[in-house]
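Novice: Before anything else, here's the structure in question.
The values are calculated or read from the model by the stated rules, or taken from the named source; none is laboratory data. Quick caveat, the model's predicted, so the values are computed rather than measured. Because the Cβ atoms are built from the backbone with ideal geometry, glycine has one as well, and the counts that use them run over all protein chains shown.
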Amino acid sequence: MKNPAIRPDLSWYMEESRKRKLTPRCPIASYDKCPRYYLSLLLLGEHSIELSAETKLELNKKWELTSAFANSETTAWRTGGTWNSYSNFCPEVIESLTGMFASDLAEYPHSSDKQLARKELDLEGADKNDVRRHWMLLRGRHFSECPEFSMFHIDPFAGAGSTSKAKRQGISGKL
């Protein structure tokens, strides 16, 4: 546990956006603009927004045509009714649940593992708010690192064979 943890909170996220000269938050973080965002919400079920069956059908049809949705390895696990592990999730969705912008998160499998990790962190003098006290794995991710951002910041549904490079609303012209 010798590596200091990056705390991928809102301050970290905003600083990453500033360094990259991008908007503060992901401009495609919406279930109708990004397949990973939608799939992340879909996997969380009752913890996410309510969508009508008709809307889900429309979105499934829209996103099934994209390789991002078809090849996604986005998964979530829960034990005893509690979500405890997320893999390849949208960082904007994870932030709404945990306050951290991450794509991969996993809690310690047993309380004894968590206690051992906390003891090790105490010995190395880690901060009391160190994310490693709660999460066995936490992989911070900025929206610009998501494959969907590079694929969908230009409208993929502009029409087959179209050479249109029309940008979506809110996307920086510097991209």
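Novice: For the range 80-108: of the residues being under 13 Å from Arg139 (Cβ atoms) and part of a helix (DSSP H, G or I), which is modelled with the lowest pLDDT?
Specialist: The selected residue is Thr98.
Novice: What's the number of the condition Asp32 fails, among (1) assigned to a helix (DSSP H, G or I); (2) without any contact (Cβ under 8 Å) to a residue 40 or more places away in the chain; (3) within 25 Å of Met14 (Cα to Cα); (4) of a type outside the set (Phe, Trp, Tyr)?
Specialist: Asp32 satisfies every listed condition except (1).
Novice: Then there's this: For the range 50-62: of the residues being closer than 20 Å to Ser96 by Cβ and surrounded by 10 or more Cβ atoms within 10 Å (Cβ to Cβ), which is modelled with the lowest pLDDT?
Specialist: It comes out as Leu51.
Novice: Taking the range 133-168 as the region of interest, how many residues are out of contact with any helix residue (DSSP H, G or I) (no Cβ under 7 Å at 6 or more places or on another chain), at pLDDT below 85 and part of a helix (DSSP H, G or I)?
Specialist: Number satisfying all stated conditions: 2.
Novice: Provide a single number: the residues in the range 81-111 that are among the hydrophobic types (A, V, I, L, M, F, W, C) and surrounded by fewer than 20 Cβ atoms within 10 Å (Cβ to Cβ).
Specialist: Qualifying residue count, the range 81-111: 3.
Novice: From the list Lys114, Lys119, exactly one residue is assigned to a helix (DSSP H, G or I), of a type in the set (Lys, Arg) and surrounded by 13 or more Cβ atoms within 10 Å (Cβ to Cβ). Which is it?
Specialist: After applying the criteria, what remains is Lys114.
Novice: Next up: Would you mind finding the one in Arg36, Arg20 that is at pLDDT 90 or above and either closer than 19 Å to Ala76 by Cβ or surrounded by fewer than 17 Cβ atoms within 10 Å (Cβ to Cβ) (or both)?
Specialist: Residue meeting the stated conditions: Arg20.
Novice: Report, by residue number, each residue of the range 75-96 that is of a type in the set (Val, Ile, Thr) and within 21 Å of Arg25 (Cα to Cα).
Specialist: The answer is Val93, Ile94.
Novice: Residue by residue through the range 69-79, note down the ones that are outside any strand (DSSP E or B) and within 19 Å of Gly140 (Cα to Cα).
Specialist: Ser72, Glu73, Thr74
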